[in-house]
1. Among Pro344, Pro315, Pro296, whose mean-square fluctuation peaks in a Gaussian network model of the chain (Cα, cutoff 10 Å)?
2. Students sometimes get this wrong: rank Asp11, Asp357 by accessible area, probe 1.4 Å, all chains present, largest first.
3. If you roll a 1.4 Å probe over the heavy atoms of the protein chains, what accessible area per residue do you get for the chain, in Å²?
4. By accessible area of protein heavy atoms, probe 1.4 Å, what ranking do Arg58, Arg199 get, highest first?
5. Translational diffusion coefficient of the stretch 19-84 at 4 °C, 1.567 mPa s, Stokes-Einstein with Kirkwood Rh over Cα pairs, in µm²/s as a whole number.
6. Give the Rg (one decimal place) followed by the Dmax (whole number) of the stretch 233-378, computed from C-alpha coordinates and expressed in Å.
7. Using every alpha carbon pair in the stretch 192-246, what percent of pairs falls into each 5 Å bin from 0 up to the bin containing the largest distance?
8. Translational diffusion coefficient, Stokes-Einstein: compute it for the stretch 120-191 using the Kirkwood radius over C-alpha pairs as Rh, at 20 °C and 1.002 mPa s, and state it as an integer in µm² s⁻¹.
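The values are calculated or read from the model by the stated rules, or taken from the named source; none is laboratory data. As the structure is a computational prediction, the values presented were derived from the model and not from experiment. Virtual Cβ from ideal backbone geometry, glycine too; neighbours counted across all protein chains shown. Ligands, DNA and RNA are stripped out before the accessible areas are found, and what is left, the full protein with its side chains, is counted by its heavy atoms. Shrake-Rupley method; radii C 1.70, N 1.55, O 1.52, S 1.80 Å.
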Amino acid sequence: MRLILGDMMMDVVELTRRLVSFDTVNPPGREAEAMRACAKLLSGAGFTCRDIPMGDGRSNLLATRGLTDGKAALGFTGHLDTVPLGARDWRFPPHAATLSDGCIHGRGTTDMKGGVAAFICASLSAPPPPGGIALLITAGEETGSDGARVMVDAGGLPTIGALIVAEPTLNRAVPGHKGALWLRLSAQGVTAHGSMPERGVNAVMCMAHALAALDGIDLGATHPVMGAPTLNLGTIHGGLNTNSVPDFCEATLDLRSVPGVSHADLRAMISARLGPDIEIEPLIDLPAVWTDPAHPWMAAITAHSAAIAGAETVPSAASYFTDASIFTPALGEVATMILGPGDPGLAHQTDEYVSVDRLNEAQSIYTAAISDWNGSHL
């Protein structure tokens, strides 16, 4: 649908291309200019826009329309930062937002400026429902939902009864994702000449013995859709040269949790296995998100997804984390659906793109969700 706003004409394809044209690679992010463009568009259509800064050249945007006392708004969320471009050459310039073969090509098209454009266009084209609409557009998601934390800490979020996260799912309705707990481990030693190892304490060997204790560890209950929690040893670094005893070693763990598995319990379990000589520091701590697919609102969104996009209705879980890890508990564990036009297999890839057909489908699904909304707290 083409929207006429003052002297501007805008549709989901044009808005996606406009957002992709902003270089918001994180780090450093630089999302503020793109946020201002969104705010200008939304405020021109009657939205109340609040800028929530998070450092030089960076900000988040809370945009609301039609908020009503005693009723809950329908919430949408998405981020405007992207991952770096990588070393390989791109087929099209990554911020040119080239339209070719029915797709928009560029960094952030799939993950997830196309999703943000779709819910903005849906919110502009549909009259606000009972309770209104709230758009939570974030910076810094790619580095651990930094912007979502800033928005929650700033306070003043409206009452939101349900949340749609426009991350890439090919417009399939996905009721949750695993949590992420990333840990940095460090071991201290004593350096010495490599020909006299008995005079030192080898931090790498200390770490190796500790990590061996993690082999086969039972991380807790299995979820019927997400499966079991997982642990991956991602990196290990230690030593300065071959003929010195290393006095420091560092490793990182990537744990993915499921509902019912506490991150505090996971960390305690890992600490007990590693022993007192290994220091542990959390890098990312984002809980799992899951809403029962049989929940009436979730079932309605799933039906829209199937009818409009032909998406499967069997419940599945996303493999990535989202800002819902921060927003869903902050909003009172509201019903949360992950649904967006991007292809999750293209996220973070060189030559990332999004289908124009998927963008239009997403806007239609979001419009149907707005039309259905009755301001219930569910």
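1. Top of the fluctuation ranking is Pro296.
2. Order by accessible area, largest first: Asp357, Asp11.
3. In whole numbers, the chain has 41 Å² accessible per residue.
4. Output order, biggest surface exposure first: Arg199, Arg58.
5. Values: Rh = 12.9 Å.
Approximately 101 µm²/s, per Stokes-Einstein.
6. 21.2, 70
7. 4, 16, 18, 15, 13, 10, 9, 6, 4, 4, 1
8. Using the Kirkwood radius from Cα pairs, D works out to 133 µm²/s.
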